[in-house]
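Before any comments, here is the structure.
The values are calculated or read from the model by the stated rules, or taken from the named source; none is laboratory data. All values derive from a computational prediction rather than experimental measurement. Every residue, glycine as well, gets a Cβ built from its backbone with ideal geometry; the counts of neighbours run over all protein chains shown. The area values use the complete protein model at the heavy-atom level, side chains included, leaving out ligands, DNA and RNA. Shrake-Rupley method; radii C 1.70, N 1.55, O 1.52, S 1.80 Å.
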Amino acid sequence: MPSSTSVPVELPKPPKLNLDEFVATALSATPAELHPFFESFEKLHTRKLWHQLTLKLYEFFDHPLSRPFRVNVFEQFVRDFESKLNQLKLVEMGTKVSKEIDSPQSQLLFLNSILSRIDAETSQEAYVLLLANIAYAKLVYGDLEGTKTDMDTAWKTLDRLEGVDTAVNASYYKVAADYYKARIFENAAAKAEYAPYYKHSLLYLACVDVATDLTSEERLLRAHDLSISAFLGDTIYNFGELLMHPILDALDNTQYDWIKKLLFTFNEGNIGKFEALAPLFPQEPILEENYPFLRQKICLMALIESVFKRNANDRTMSFQTIAEETRLPVDEVEHLIMKALSLKLIRGSLDQVDQKARITWVQPRVLSRAQIGELATRLGAWIDKLGNVEQRMAPHVSAAA
């Protein structure tokens with residue numbers, strides 16, 4: 001059995017499997033540690049125990065010594081009876097095997113060959129998983145247009161499926177997130193790409209076990225990229241899902257630990273802390289380049305925080321008060337409020353004559369412990385007011401009875 005990971009330009013159907021010959025060749029060409037696998041393959045294939053054979057193949061493909069032999073085992077052995085296997089499991093094995101193929105052209109040929117043998121209607125999850133992996137291979141090799149085409153095709157099927165295997169969702173959301181990251185690298189000024197990266201990356205993390213499925217380097221990179229997207233996304237003003245996610249722990253005690261502090265600073269709308277951390281921005285040139293945008297964003301977050309701190313019956317604010325809360329000149333306050341209204345961060349109205357803003361609603365968001373404490377204090381005061389009302393009303397109610 002040759003150990004080359006090369007694949008011919010075309011993938012014709014291999015000759016009918018001669019099991020005895022295949023096993024004999026494998027035993028003579030592979031390390032002794034792999035021999036029990038081939039002996040099991042022979043027994044399980046002979047008895048047509050396809051499920052058990054699938055499990056044994058998984059073990060084989062996971063064995064580190066199997067790497068030089070994976071492509072040939074798949075092409076010469078698995079392909080002979082692949083129609084009898086669970087198609088999702090088949091695709092999972094095929095995509096793992098494809099990573100041993102060095103040539104981009106050959107890898108895509110290998111994956112597309114499997115795709116041509118998968119029924120997109122009867123094996124929809126397998127079809128989506130394989131298409132997502134093909135899209136990722138194209139992304140790695142710089143074919144963004146081909147990646148987007150395959151992503152869109154995969155989504156048309158995935159969007160109508162229910163109870164989807166998490167591996168299928170993870171594959172799709174991973175390639176989608178990394179596609180938008182690649183678009184950002186193409187044009188760092190394209191803030192429209194940060195939000196879809198942020199969204200798909202969080203969906204990807206929801207499908208995997210961060211502690212076991214990602215290496216420490218992958219966790220750090222993902223946490224860093226998510227944070228940058230949260231800062232620079234022109235529609236992202238709610239960091240709640242990210243702030244609660246364990247992926248942020250990867251930033252602790254690293255050169256990026258200040259970025260985690262900056263995330264919480266934005267969530268609190270704390271301009272003082274923002275200004276204290278601003279001298280660190282040169283460590284992330286993209287943040288330094290976008291300082292005016294970030295300054296406006298922290299002012300918007302400060303406005304939200306200022307409104308949140310007020311009681312529902314005390315949300316008519318003068319422009320002067322808002323200027324003090326956001327550290328802006330009074331003549332810039334009206335523009336800030338209009339920006340907040342257009343982004344649907346708040347609802348309300350402006351009185352330009354009296355220079356006042358009446359806020360009727362503020363976007364919900366995740367609260368820090370300090371913010372929760374403030375909310376608890378306000379709830380306590382509200383309960384006390386209700387108690388006072390009850391005491392005043394009680395005599396009247398008794399008299400009426």
| message | Looking at the range 200-251 only, could you name the residues that are part of a loop (DSSP other than H, G, I, E, B), farther than 23 Å from LEU345 by Cβ and among the acidic types (Asp, Glu)? | response | ASP209
| request: Residue by residue through the range 302-360, note down the ones that are more than 33 Å from the chain's Cα centre (by Cα) and on the phi > 0 side of the Ramachandran plot. | output: ARG327, GLY348, GLN355
| request: Provide a single number: the residues in the range 278-292 that are open to solvent by 40 Å² or more (accessible area, probe 1.4 Å) and either under 26 Å from the mean Cα position of the chain (by Cα) or aromatic (Phe, Trp, Tyr) (or both). | output: 5
| task | Go through (1) outside any helix (DSSP H, G or I); (2) modelled with pLDDT of 75 or more one by one and return the number of the condition ARG365 breaks. | result | (2)
| of a type outside the set (Val, Ile, Thr) and at pLDDT 95 or above, is that true of LEU277? | yes
| Condition broken by SER318, with the remaining ones in (1) closer than 29 Å to ILE228 by Cβ; (2) surrounded by 13 or more Cβ atoms within 10 Å (Cβ to Cβ) satisfied | (1)
| query | Taking the range 295-314 as the region of interest, how many residues are farther than 16 Å from GLU374 by Cα, touching a residue at least 40 places away in the same chain (Cβ under 8 Å) and surrounded by fewer than 19 Cβ atoms within 10 Å (Cβ to Cβ)? | reply | 1
| said: Which of the helices (runs of 4 or more DSSP H) found entirely inside the range 78-196 contain at least 3 residues meeting this: under 30 Å from PRO15 (Cβ atoms) and either open to solvent by 10 Å² or more (accessible area, probe 1.4 Å) or in contact (Cβ under 8 Å) with a residue 24 or more places away in the chain (or both)? | reply: 87-98, 104-116, 124-140
| Lone unmet requirement of (1) surrounded by 16 or more Cβ atoms within 10 Å (Cβ to Cβ); (2) out of contact with any helix residue (DSSP H, G or I) (no Cβ under 6 Å at 6 or more places or on another chain); (3) of a type in the set (A, V, I, L, M, F, W, C) for LEU53 | (2)
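Take GLU325 and tell me if it is open to solvent by less than 90 Å² (accessible area, probe 1.4 Å), of a type in the set (D, E, K, R) and at pLDDT 80 or above.
On the way: open to solvent by less than 90 Å² (accessible area, probe 1.4 Å): yes; of a type in the set (D, E, K, R): yes; at pLDDT 80 or above: yes.
Considered against the rule, which asks whether it is open to solvent by less than 90 Å² (accessible area, probe 1.4 Å), of a type in the set (D, E, K, R) and at pLDDT 80 or above, GLU325 comes out as yes.
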